[in-house]
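For reference, the structure is listed below as structure tokens.
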Amino acid sequence: MPIERPSAVLFACTMNTIRSPMAEAMMKHFHGRQVWVESVGVHKGEADAFAVAAMDEIGMDISRHHPRSFEELEDTSFDLVISLSPEAQHHAVEMTRTMACEVEFWNTFDPSLVEGNRETRMEAYRRVRDELERHILERFPLASARD
């Protein structure tokens, strides 16, 4: 039985600088014509150059992404909130207590915790990017030519 695709999805992580912007960009790339997609963080961080570089490698530009916090959300009419960090999960549950909205938790490693040279750090970002892409395509499969 196919999983029904929501009409509006919010991705949330801790700083809205790496994981949730990556997920937002991929979801928009794969389903942007059918699904409204945004991302936020528990805190508002600064843009992350490694995240921009990792996404650029697969042809997705997040260089213009402006990190936002939950408090800065203008619209909360989401069918689904996908939190990517424990802290974001807590905020998502609190935010949706009075909403008809599903919450999913995709615990995703924070690649900014990896230390080392540029290539070591980039590899961590690539792993997170690829993991998010797998999650998105499993949860929201691309429509077949028959659909």
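The values are calculated or read from the model by the stated rules, or taken from the named source; none is laboratory data. It should be emphasised that the depicted structure is a prediction, and the values quoted were computed from it without experimental measurement. Cβ: placed from backbone, ideal geometry, glycine included. Neighbour counts: every protein chain shown.
Are any of the residues in segment 74-88 surrounded by fewer than 16 Cβ atoms within 10 Å (Cβ to Cβ), in a loop (DSSP other than H, G, I, E, B) and among the charged types (D, E, K, R)?
yes
Restricted to segment 37-53, and to residues that are more than 14 Å from the chain's Cα centre (by Cα) and part of a helix (DSSP H, G or I), which residue is surrounded by the fewest Cβ atoms within 10 Å (Cβ to Cβ)?
Ala49
When segment 91-147 is examined, which residues are found to be buried (at least 16 other Cβ atoms within 10 Å of the Cβ), polar (S, T, N, Q) and either in a helix (DSSP H, G or I) or touching a Leu at 6+ places or on another chain (Cβ under 9 Å) (or both)?
Selection gives Thr108, Ser112.
Out of the residues in segment 1-36 meeting the condition of being over 24 Å from Ser112 (Cα atoms) and in contact with a strand residue (DSSP E or B) (Cβ under 8 Å, 6 or more places away or on another chain), tell me which one is surrounded by the fewest Cβ atoms within 10 Å (Cβ to Cβ).
Ser7
Out of the residues in segment 22-49 that are β-branched (Val, Ile, Thr) and in contact with a Ser or Thr (Cβ under 7 Å, 6 or more places away or on another chain), which is modelled with the lowest pLDDT?
Applying the filter and picking the extreme gives Val35.
Are there any pairs with C-beta distances below 6 angstrom linking a residue in segment 1-30 that is at positive phi to a residue that is at pLDDT 95 or above and not charged (D, E, K, R), with the two at least 6 apart or on different chains, and if so which?
Asn16/Ser39; Asn16/Val40; Asn16/Gly41; Asn16/Pro67
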